[in-house]
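The values are calculated or read from the model by the stated rules, or taken from the named source; none is laboratory data. In this text, all values refer to a predicted model and were calculated from it rather than measured experimentally. Cβ placement follows ideal geometry from the backbone for every residue including glycine, while neighbour counts extend to all protein chains displayed.
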Amino acid sequence: MLTILRDLRESSRQQVEHLARIAECVRVTREEAEAQTDLLRSIDREQVIHNRTVDRHE
């Protein structure tokens, strides 16, 4: 019985470690997605400005 409890405790400890790694991956992925979104917004703004400039000169 004691062996089973020790095994369960070890399994739980490993699960906690895995969940912590997953949480870190999710955090990094979210930060990268936000950075990509910011970059795309910046590109969109630049395109709008460029298109306005081109339209004025035509």
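Observations
- Test result for Val54, more than 15 Å from the chain's Cα centre (by Cα) and either among the hydroxyl-bearing types (Ser, Thr, Tyr) or at pLDDT below 95 (or both): yes
- Condition check for Glu31: acidic (Asp, Glu), within 28 Å of the chain's Cα centre (by Cα) and surrounded by 10 or more Cβ atoms within 10 Å (Cβ to Cβ): yes
- Residue within the stretch 35-57 that is of a type in the set (A, V, I, L, M, F, W, C), surrounded by fewer than 10 Cβ atoms within 10 Å (Cβ to Cβ) and free of Cβ contacts under 8 Å to residues at least 24 places away in the same chain present: yes
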